[in-house]
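The values are calculated or read from the model by the stated rules, or taken from the named source; none is laboratory data. Quick caveat, the model's predicted, so the values are computed rather than measured. Neighbour counts are summed over all protein chains in view; Cβ atoms, including those assigned to glycine, are modelled from backbone coordinates with ideal geometry. Accessible surface areas use protein heavy atoms only, side chains included; no ligands, DNA or RNA. Shrake-Rupley method; radii C 1.70, N 1.55, O 1.52, S 1.80 Å.
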Amino acid sequence: LGEQSCIFEEMADLPSGQGACAAHGGHCALPRNANIFVCGFSCKDLSRLSSRFNAAEREAILKMGMGTSGGTFQAVLGYTQLVRPSIVILENVDEMARESSPNVVYLHQAFADIEYAGASKVLNTSDYGLPQARVRAWFVLLDLRRFGCTAPAAQAMVQTMLSRTELFKSSPRPLGSMCLKDADPRLQSELARRQESAKGDSSASSTWFETHRIFLKTKGLSWQEVVPPKTLQENPWFKVLPSREKQVLSYALQYAGGN
């Protein structure tokens, strides 16, 4: 509760041992006494929606450090090698759950090269009390030096740990029970901030537009068919969303069973 903690802005800085800090300005030293390192590296290029790389390139994204997914993964690997936390927990899209995927094979081999080993499991947030169906692959890797064990022993240990997640399953809570009331001053303050910020933002990325146009085509839809309901159009929070998020939300409500 004393001095404000650092907020590092760029994952690519991780292997250097210091990074740009939003909390203090300038650069601060990254922590080197981490026992557990938890990180969700970029899923942008690993997502099934991504069309940035062709099929052959997609299989080498992590190994070649391509795009934000490959770049952030290499940064995570570099930081792990620099700091050597006892446990590394990584999260990414369910596409990374395919054990035969060259990206997954490379992930395990890259960590094996620096003497880490472990296993992975696919978890869905809606199975653990959250009102959201978010399927993600989780990797847990142990430092073989710290645990004093072989790779097979570490893999068996992690598989046992991950199997215990079944004990914590519960029905998702209603979304409303986790939301602040409309009149909450913190909520109103954030809405005002976003409304002010949105005034000067008229940019629209052609990259995401084309990506989503291609996605909708696979569903037999055109861009013009995805229109938000009138009640959503009038919602002040919807109005301040970026165009990409407006389109995704509209699609989910109309065609993907969202509510």
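Want the number for E190 to Q81: 0.36 nm per residue separation, take away the alpha-carbon distance, what's left? Full extension from E190 to Q81 adds 35.4 nm.
Each part reduced to its alpha carbon centroid, the range 16-36 and the range 135-205 end up 22 Å apart.
At a 1.4 Å probe, what is the % contribution of carbon and sulfur to the accessible area of the range 106-166? The partial results should precede the final answer.
Values: 1620 of 3020 Å².
Answer for the range 106-166: carbon and sulfur cover 54 percent of the accessible area.
Label-to-label distance for Q132 and E59 is 3.3 nm, based on points extended 7 Å past Cα in the beta-carbon direction. As a length-normalised measure over Cα pairs under 8 Å and 6 or more apart, the relative contact order of the range 119-208 settles at 28 percent. Loop-located GluC sites (Glu not before Pro) in the range 212-248 (DSSP state not H, G, I, E or B) with no more than 14 neighbouring Cβ atoms inside 10 Å: E234. Each 10 Å bin from 0 upward holds the following percent of the Cα-Cα pairs of the range 70-202: 11, 30, 25, 20, 13, 2. Between A20, A133, A183, the residue with the greatest mean-square fluctuation in the GNM of the chain (Cα pairs under 10 Å linked by springs) is A183. Working from Cα pairs under 8 Å separated by at least six residues, relative contact order for the chain is 13 percent. Legend: residues S250, S243, sorted from most to least accessible area (1.4 Å probe; ligands, DNA and RNA excluded), read S243, S250. In the elastic network of the chain, a GNM with C-alpha springs shorter than 10 Å, the most mobile of L107, L175, L130 is L175. Rolling a 1.4 Å probe over the protein heavy atoms gives the chain an accessible area of 60 Å² per residue. Per-residue surface analysis assigns I7 an accessible area of about 90 Å², computed on protein heavy atoms at 1.4 Å probe radius.
Order F41, F53, most accessible first, counting only protein heavy atoms with a 1.4 angstrom probe.
F53, F41
May I ask you to derive the relative contact order of the range 114-166, considering only C-alpha pairs under 8 Å and at least 6 residues apart, and to give it as an integer percent? Walk me through the intermediate numbers first.
Numbers: 70 pairs, mean separation 22.2, N = 53.
Taking the mean separation of contacting Cα pairs over the length of the range 114-166, I get 42 percent.
In the range 1-96, what GluC sites (Glu not before Pro) fall in a loop by DSSP, with at most 13 other Cβ atoms inside 10 Å? Working shown, then result.
Numbers: sites: E3, E9, E10, E57, E59, E91, E95; in loops: E3, E9, E10, E59.
When the GluC sites (Glu not before Pro) of the range 1-96 are filtered for loop state and at most 13 Cβ neighbours within 10 Å, E3, E9, E10 remain.
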